[in-house]
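Input: a single structure, listed below in structure tokens.
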Amino acid sequence: MRLTADGTTPISRSVLVNDFETDDGYAFEPASPLFLAAGDRIALGRDGLVVTRADGARLAPAGDWSTRCRPGVRKDFGRGAGKQVWGADEGAGGR
């Protein structure tokens, strides 16, 4: 499920979360699975995750940041959308 972690957008339904993955390849992994209720808002920052409950209570669960690297081909959604773009370790010959 895709969640918006801007601190203002409420979550539409209750979810149990093991990790949060960002669009730029990072992930925040809470120390234990986290239950988010409908109406909760989340924010991800350098210090980690902050959850604001629907009643205004705030919590910052313990956890760690990590990187998620996926080798191989990725999609280029900018100019030339639909072309395959090779990662830096793949070499320039695959374009």
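Observations
- Subset of the stretch 6-20 (residues that are crowded, with 16+ Cβ neighbours inside 10 Å and part of a loop (DSSP other than H, G, I, E, B)): 11
- Check on residue 23, loosely packed, with under 11 Cβ neighbours inside 10 Å and either at pLDDT 90 or above or among the charged types (D, E, K, R) (or both): yes
- Boolean, residue 45 is within 15 Å of the chain's Cα centre (by Cα), of a type outside the set (Phe, Trp, Tyr) and surrounded by fewer than 13 Cβ atoms within 10 Å (Cβ to Cβ): yes
- The stretch 6-44, residues that are among the aliphatic types (A, V, I, L, M) and in contact (Cβ under 8 Å) with a residue 40 or more places away in the chain: 27
- Residues satisfying the criterion are absent from the stretch 83-91 (criterion: under 22 Å from residue 1 (Cα atoms) and either at pLDDT 50 or above or among the basic types (Lys, Arg) (or both)).
- If you go through the stretch 30-42 and keep only what is in a strand (DSSP E or B), buried (at least 16 other Cβ atoms within 10 Å of the Cβ) and not β-branched (Val, Ile, Thr), you end up with 30, 34, 36, 41.
- Residue 40 meets all of the listed conditions (1) modelled with pLDDT under 95; (2) more than 8 Å from the chain's Cα centre (by Cα) but one, namely (1).
- Here residue 3 clears all of (1) surrounded by 10 or more Cβ atoms within 10 Å (Cβ to Cβ); (2) at pLDDT 90 or above; (3) in a loop (DSSP other than H, G, I, E, B); (4) not charged (D, E, K, R) except the condition numbered (2).
The values are calculated or read from the model by the stated rules, or taken from the named source; none is laboratory data. Since the structure is predicted, the reported quantities are computational estimates derived from the model, not experimental observations. As a convention, Cβ positions derive from the backbone with ideal geometry for all residues, glycine included, and neighbour counts pool all protein chains shown.
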